Amino acid sequence: MFEMIGETLPLAIGMALSPFPIIAVLLLNSPQSPASAPAFLAGRLFSVTVLVAFFAVVVDAAPQAGETAIFESIVRIVVGLGLVALAARKWRKRPGKNDDVELPRWMAMVDGAGPARSFGLALLLAVNPKELLFSVGAGATIGAANLGVGTDVATAVVFGLVASSTVAVPVIAALVAPERMRVPLDRTRDWLVRNNGVIIGVVLLLIGASLIGDGIGAL
């Protein structure tokens, strides 16, 4: 199990550094609806864990005829190529220094969202292509080790906790010291909104290149 946690850690960190869930939870942090941000965090943890566990169990149950290492390497290469392609797309679409930042349509759903809608928004973000590639890569890596359903699920839970950690930090900070943290959290949100394309592009490129290198090296 610990070996699988180590192997999937780069993917979990890559998912944790995704700015959109962090922006969403920062937008949801408001005195008017104090339960919305924690509900989003719960949805984030639940969706990531369930997706990774699902892919892990499916791969674990599939007959692999002794070709586990080759299968895992191919999955890593495919996921890595997908992440690099997404990184290139994000980089091309990054705004110029004086350009207005165009926010995704889903952010309109954040305005005034209650706990139930916030939970649903977290589920929606977990199935976008970028997040799904991380989940597929992690699930396939865990399942290919054939450690059993219990270990697959336990490893997926640890993955979910790491992937959700950057969403948990502002939620906890706002709960512990709401007045003191409001200005720093607002500044962080504005900076992430402005630079989200560059952040995503760099993270996807680094993680994708690492996966491709690991996959080729293991063939």
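Read-outs throughout are calculated quantities, based only on the coordinates presented, and are distinct from any laboratory measurement. These figures come from a predicted structure and were not determined experimentally. Backbone-built Cβ (ideal geometry, glycine too); neighbour counts: all protein chains shown.
Take Arg180 and tell me if it is surrounded by 14 or more Cβ atoms within 10 Å (Cβ to Cβ) and either touching a Leu at 6+ places or on another chain (Cβ under 6 Å) or in a helix (DSSP H, G or I) (or both).
Values: surrounded by 14 or more Cβ atoms within 10 Å (Cβ to Cβ): no; either touching a Leu at 6+ places or on another chain (Cβ under 6 Å) or in a helix (DSSP H, G or I) (or both): yes.
So Arg180 does not fit the description; no.
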Can you run down the residue pairs with Cβ atoms below 6 Å, 6 or more apart or on separate chains, where the first is in segment 136-149 and surrounded by fewer than 23 Cβ atoms within 10 Å (Cβ to Cβ) and the partner is of a type in the set (Asp, Glu)? Asn146/Asp60
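Residue-by-condition table, conditions (1) in a helix (DSSP H, G or I); (2) under 19 Å from Ala16 (Cβ atoms); (3) over 10 Å from the mean Cα position of the chain (by Cα):
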position	(1), (2), (3)
Leu132	yes, yes, no
Thr141	yes, yes, yes
Asn146	no, no, yes
Val162	yes, yes, no
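Filter segment 173-198 for residues that are hydrophobic (A, V, I, L, M, F, W, C) and within 28 Å of Pro34 (Cα to Cα) and give the result. It would help to see each step written out before you state the result.
Of segment 173-198, the ones hydrophobic (A, V, I, L, M, F, W, C) are 173-177, 181, 183, 185, 191-193, 198.
Result: Ala173, Ala174, Leu175, Val176, Ala177, Met181, Val183, Leu185, Trp191, Leu192, Val193.
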Would you check which residues across segment 1-60 are in contact with a Gly (Cβ under 9 Å, 6 or more places away or on another chain), surrounded by fewer than 19 Cβ atoms within 10 Å (Cβ to Cβ) and part of a helix (DSSP H, G or I) and list them? Phe46, Val50, Phe54, Val57, Val58
